[in-house]
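Worksheet: the structure to be examined is printed underneath.
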């Protein structure tokens, strides 16, 4: 597979991941962190880092808007719930094992 085709496939997979996350807004970031070790905010940071690597000027909020599909503050008001005690405990237990 040539580099351009590989890049296009990776980009399509990333777009599909964003669509999937958008279709499953009930899945909270803490759930993603507890299960997979990353969340929408991590994706935003990775997107920002990739843009910076290419010399593209972008801020964190702009990267978040790409990942969340709207300004983060709007998404947070509409979809983010308070983490339960169990979710927080699972996160804290995992945080001692890994650096996020």
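Cβ contacts < 8 Å: first residue under 17 Å from residue 26 (Cβ atoms), restricted to the range 80-94; second residue modelled with pLDDT of 90 or more and not in a helix (DSSP H, G or I), any location; separation 6+ or different chain. Result?
Here the result reads 80/28; 81/28; 83/28; 87/28, each pair linking the range 80-94 to a residue that is modelled with pLDDT of 90 or more and not in a helix (DSSP H, G or I).
Within the range 56-74, can one find any residue that is under 14 Å from the mean Cα position of the chain (by Cα) and modelled with pLDDT under 95?
Checked against the condition, which is being under 14 Å from the mean Cα position of the chain (by Cα) and modelled with pLDDT under 95, the range 56-74 yields no hits at all.
May I ask you to say which residue of 89, 49 is surrounded by 10 or more Cβ atoms within 10 Å (Cβ to Cβ), at negative phi and over 14 Å from the mean Cα position of the chain (by Cα)?
Exactly one of 89, 49 is surrounded by 10 or more Cβ atoms within 10 Å (Cβ to Cβ), at negative phi and over 14 Å from the mean Cα position of the chain (by Cα), namely 89.
Out of the residues in the range 18-37 that are in contact (Cβ under 8 Å) with a residue 12 or more places away in the chain and not in a helix (DSSP H, G or I), state the one that is surrounded by the most Cβ atoms within 10 Å (Cβ to Cβ).
28
So in the range 63-79, with the set limited to residues that are within 14 Å of residue 26 (Cα to Cα) and in contact with a helix residue (DSSP H, G or I) (Cβ under 7 Å, 6 or more places away or on another chain), which one is surrounded by the most Cβ atoms within 10 Å (Cβ to Cβ)?
Ranking the candidates gives 68 first.
The values are calculated or read from the model by the stated rules, or taken from the named source; none is laboratory data. The structure displayed is predicted, hence computed values, not measured ones. Positions of Cβ are generated from backbone atoms using ideal geometry, with glycine treated the same way; all protein chains shown enter the neighbour counts.
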